[in-house]
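Have a look at the structure below before the remarks.
The values are calculated or read from the model by the stated rules, or taken from the named source; none is laboratory data. Small disclaimer: the values here were computed from a predicted structure and weren't measured. Neighbour counts are summed over all protein chains in view; Cβ atoms, including those assigned to glycine, are modelled from backbone coordinates with ideal geometry.
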Amino acid sequence: MKPKIDLVKRSNQTTHELERHVGRRIRERRTMLGLTQQQLAEMIGVTYQQAHKYERGINRISAGRLFELGRVLGVSVEYFFDGASGSPQSVVTERQRMGLDLARNFARIKDERCREAMAQLCRAMADGFADAADAAADD
């Protein structure tokens, strides 16, 4: 009987890791869209505390609620599971963390002209680096 108990324990650990992964994906997408937990909670009809628990993987998310989260966040349900099968613990890279931080702060800019200027600056910098990389590759 002991192996069966270990198998059940392992299954519960894996399930909890998956719930945390889904929660991280919800948080990442919410942040990319510049939404607060409170705003997301209102959009899906739950309390702020419940939305927080979803993002932390503390509470399980029903299929219907996950579908609603996908609709509100503009992604398919599969989005929440992307990257879950490879490793139980998804690691956010420094570049991803910086991208999320940039998206969060960009969404906080109130002045539309400033937002547009920032978007143009990012495009110009990206194009400039791409042109420099292309020139270096041609040499």
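Here are a few things to note about the model shown:
- In the stretch 36-71, the residues that are more than 19 Å from residue 84 (Cβ to Cβ) and among the hydrophobic types (A, V, I, L, M, F, W, C): 40, 41, 43, 44, 46, 51
- Once the stretch 29-45 is narrowed to residues that are out of contact with any His (no Cβ under 9 Å at 6 or more places or on another chain), part of a helix (DSSP H, G or I) and modelled with pLDDT of 90 or more, the residue that is farthest from residue 110 (Cα to Cα) is 44.
- Counted residues, the stretch 59-68 - those being surrounded by 13 or more Cβ atoms within 10 Å (Cβ to Cβ) and either at pLDDT below 90 or not in a helix (DSSP H, G or I) (or both): 3
- When the stretch 69-108 is filtered for residues that are in a helix (DSSP H, G or I), within 25 Å of residue 14 (Cα to Cα) and at pLDDT 90 or above, the ones remaining, listed by number, are 69, 70, 77, 78, 79, 80, 81.
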